[in-house]
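Taking it in order: structure first as structure tokens, then the write-up.
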Amino acid sequence: MMRRIIGGLGLAVVVLLLIFGIRGCLNARAEQALQDYGDGSAELLQESQRGGNQLFELLESQGGSDQTVNITTSLNGYQVEAANLVDRAADLDVPDEASDAQGDLLEVLELRRDGMRLVADSVPQALGDQERRQGTSRLDDAMQIFLASDTLDRVRFRPELRTALESEQIAMPKLPEDTFLPDVQWLDSAFIADRVNALKSGTGGDEAAAPGLHGNGIASVALGGTTLTPGASASIQLTGDLAFDVQVQNQGENTENDVTVTVTVGQGGDAIKLEEPIDTIAAGELVPVSIPLAEQPPTGQNVPIKVEVQPVPGEEKTDNNVQEFSVIFTR
């Protein structure tokens, strides 16, 4: 009887050892799977960051009309690489603990893929001679997409990955320190328009502007045939063909290319923003620019109007680039 008891106890010990051993192996395997997922997701984000760096280096490069084909080719390559990252992320082995993080990782990379695709489509359009404003506007949208990807990465993906890894006492992998969108100035439509103009004209990058005085100024602004006076108010009747007539003068010593004239009607989020490019303006030349009022502003109240000619490379004096008015629109 004693031998049977001892034998039974021995068998129980063996079974327990097997159970603990198997459980330990399973735990180690699960821990390794989580470690592998963390490393794999970090690698994808590092590659995505490098792609973003290349994109913005290109957008800030010198450019020039002879570089349009090379720029387009590079942008197409960037969007293909961004799409490949999404595919690779979808193929990751995802432990249950990281399922929430995986959903956010995919969305981050999908946003960047979509943003890259929009940039690749809009930049050649913005650099062309037709529909340039539409291309620049679509580039604005792409920057908002990149901003959304950064927010999702920082606010959702990283905290969820950290929670999953800490459950197994695994350290966070090395993730990109920089954001995909390098600077908030890329959310400014005027800044983007300047960058596109510099890229088209070949005055981008760190290259200095041509020697001599640079600069444009606003000579006069009229709306519907009524000349507006800076700082004063005017009453204008709304018609279907109402337009701002802006006289821009090159007050420098150099021919300027791709000069942008903007008009802001109202203020805040409801403001109407208009713009019109001047392809070329010679030194001393006075160029008329007509900008249709495409949307209907509020009536019966003072509406602030801001007209601005965007500074060109090398322009130091800009106090004559902006004029502000107040208009009461009537029916």
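The values are calculated or read from the model by the stated rules, or taken from the named source; none is laboratory data. Quick caveat: nothing in here was measured; it's all calculated off a predicted structure. As a convention, Cβ positions derive from the backbone with ideal geometry for all residues, glycine included, and neighbour counts pool all protein chains shown.
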Next item on the list: Would you point out which residue out of Val80, Val94, Val123, Val108 is out of contact with any Cys (no Cβ under 6 Å at 6 or more places or on another chain) and outside any helix (DSSP H, G or I)?
Entry: Val94
Item checked: Residues within the stretch 296-312 that are surrounded by fewer than 18 Cβ atoms within 10 Å (Cβ to Cβ) and on the phi < 0 side of the Ramachandran plot, tallied -> 7
Check: Given the conditions (1) closer than 16 Å to Val327 by Cα; (2) surrounded by fewer than 17 Cβ atoms within 10 Å (Cβ to Cβ); (3) touching a residue at least 60 places away in the same chain (Cβ under 8 Å); (4) more than 28 Å from the chain's Cα centre (by Cα), which single one is not true for Lys273?
Finding: (4)
Item checked: Scope the stretch 236-254; condition without any contact (Cβ under 8 Å) to a residue 60 or more places away in the chain and either closer than 19 Å to Ile218 by Cα or in contact with a Cys (Cβ under 6 Å, 6 or more places away or on another chain) (or both); matching residues -> Ala243, Asp245, Gln247, Gln249, Asn250, Glu253
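Looking at Asp114, Asp129, can you tell me which residue is of a type in the set (D, E, K, R) and either modelled with pLDDT under 90 or loosely packed, with under 15 Cβ neighbours inside 10 Å (or both)? Even if it seems obvious, please write down each step before you answer.
Numbers: Asp114 fails: either modelled with pLDDT under 90 or loosely packed, with under 15 Cβ neighbours inside 10 Å (or both).
After applying the criteria, what remains is Asp129.
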Note to self: All but one of (1) more than 14 Å from Pro304 (Cβ to Cβ); (2) free of Cβ contacts under 8 Å to residues at least 60 places away in the same chain hold for Asn257; state the number of the condition that does not hold.
What the structure shows: (2)
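Keeping to the stretch 229-266, report how many residues are among the charged types (D, E, K, R) and either in contact with a helix residue (DSSP H, G or I) (Cβ under 7 Å, 6 or more places away or on another chain) or closer than 14 Å to Gly215 by Cβ (or both).
Of the residues in the stretch 229-266, the ones among the charged types (D, E, K, R) are 241, 245, 253, 256, 258.
Cutting the leftovers down to either in contact with a helix residue (DSSP H, G or I) (Cβ under 7 Å, 6 or more places away or on another chain) or closer than 14 Å to Gly215 by Cβ (or both) gives us 253, 256, 258.
Result for the stretch 229-266: 3.
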Checklist line | Count of residues meeting criterion [in contact (Cβ under 8 Å) with a residue 24 or more places away in the chain and of a type in the set (S, T, N, Q)] in the stretch 94-110 | finding: 1
Next item on the list: Looking only at the stretch 280-295, decide whether some residue is of a type in the set (Val, Ile, Thr), assigned to a strand (DSSP E or B) and surrounded by fewer than 18 Cβ atoms within 10 Å (Cβ to Cβ).
Entry: yes
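For every residue, the table says whether it meets (1) of a type in the set (Val, Ile, Thr); (2) touching a residue at least 40 places away in the same chain (Cβ under 8 Å).
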position: Ser220; (1), (2): no, no
position: Ala234; (1), (2): no, yes
position: Gly266; (1), (2): no, no
position: Glu285; (1), (2): no, no
position: Ser290; (1), (2): no, yes
position: Glu295; (1), (2): no, no
position: Val309; (1), (2): yes, yes
position: Glu316; (1), (2): no, yes
position: Phe325; (1), (2): no, yes
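Pull up the stretch 167-187, narrow it to residues that are closer than 20 Å to Glu43 by Cβ and free of Cβ contacts under 8 Å to residues at least 12 places away in the same chain, then point me to the one that is surrounded by the most Cβ atoms within 10 Å (Cβ to Cβ). Full working, then the answer.
To start, the set of residues in the stretch 167-187 that are closer than 20 Å to Glu43 by Cβ comprises 168, 170-180.
Then drop every residue that is not free of Cβ contacts under 8 Å to residues at least 12 places away in the same chain, which leaves 171, 177.
Details: Ala171: 10, Glu177: 6.
That would be Ala171.
To keep it simple, each residue is scored yes or no on (1) at pLDDT below 95; (2) over 22 Å from the mean Cα position of the chain (by Cα); (3) under 21 Å from Thr163 (Cβ atoms).
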| residue | (1), (2), (3) |
| --- | --- |
| Asn27 | yes, yes, yes |
| Gly63 | yes, no, no |
| Asn70 | yes, no, no |
| Ala82 | no, no, no |
| Val86 | no, no, no |
| Asp96 | yes, yes, yes |
Next item on the list: Out of Asp241, Asp258, Asp245, report the one residue that is in a strand (DSSP E or B), among the charged types (D, E, K, R) and over 19 Å from Phe325 (Cα atoms).
Entry: Asp258
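Which members of the stretch 126-142 meet the condition of being part of a helix (DSSP H, G or I) and not polar (S, T, N, Q)? First the steps, then the outcome.
First pass over the stretch 126-142, keeping only residues part of a helix (DSSP H, G or I): 126-127, 132-142.
The answer is Ala126, Leu127, Arg132, Arg133, Gly135, Arg138, Leu139, Asp140, Asp141, Ala142.
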Notebook entry, point to check: Does any residue of the stretch 143-163 turn out to be in a helix (DSSP H, G or I), more than 10 Å from the chain's Cα centre (by Cα) and more than 21 Å from Gln49 (Cα to Cα)?
Noted result: yes
